[in-house]
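Novice: Quick one: this structure, given as structure tokens, is what I'll be asking you about.
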Amino acid sequence: MKNSAFWLGLLLGMLLSLLGAGAFFYFYIYSEIESLKTETRTEFNSFKSFWESELKEDVLDAKSAAWKLAEEKWKAYRAEQLAKDSLAAEN
């Protein structure tokens with residue numbers, strides 16, 4: 001009788017420990033994850049509104065200026081290469 005009471009108590013203790021760990025995970029870790037998700041979502045929304053109101057036009061202007069500069073350099077390079085090729089063809 002004593003032996004079965006020991007195993008029954010051990011099993012009950014393990015079950016209560018598992019329930020306690022589950023409750024800890026749910027109330028502490030899960031709530032922490034949810035608050036981080038909310039905080040991240042808030043930061044994302046604030047950055048998105050900042051991007052739309054302040055940065056978007058500046059970045060697009062810089063991008064178009066960089067593309068124009070690259071196009072000019074490419075045309076100059078191509079003209080130089082064509083000139084070298086025509087000189088090489090003449091010789």
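Novice: Just the residues that are exposed (fewer than 10 other Cβ atoms within 10 Å of the Cβ), assigned to a helix (DSSP H, G or I) and of a type in the set (A, V, I, L, M), please, taken from the range 1-23.
Specialist: 5
Novice: Cβ contacts < 6 Å: first residue among the basic types (Lys, Arg), restricted to the range 58-84; second residue assigned to a helix (DSSP H, G or I) and exposed (fewer than 10 other Cβ atoms within 10 Å of the Cβ), any location; separation 6+ or different chain. Result?
Specialist: Listed pairs, sorted by first residue: none to list.
Novice: Evaluate the range 40-59: report whether one residue or more is open to solvent by 100 Å² or more (accessible area, probe 1.4 Å), among the hydroxyl-bearing types (Ser, Thr, Tyr) and either assigned to a helix (DSSP H, G or I) or modelled with pLDDT under 95 (or both).
Specialist: No, there is no match, as no residue in the range 40-59 is open to solvent by 100 Å² or more (accessible area, probe 1.4 Å), among the hydroxyl-bearing types (Ser, Thr, Tyr) and either assigned to a helix (DSSP H, G or I) or modelled with pLDDT under 95 (or both).
The values are calculated or read from the model by the stated rules, or taken from the named source; none is laboratory data. Remember, it's a predicted structure, so these values are computed and weren't measured experimentally. As a convention, Cβ positions derive from the backbone with ideal geometry for all residues, glycine included, and neighbour counts pool all protein chains shown. When the accessible area is computed, the model is the full protein with side chains, heavy atoms only, and any ligands, DNA or RNA have been set aside. Shrake-Rupley method; radii C 1.70, N 1.55, O 1.52, S 1.80 Å.
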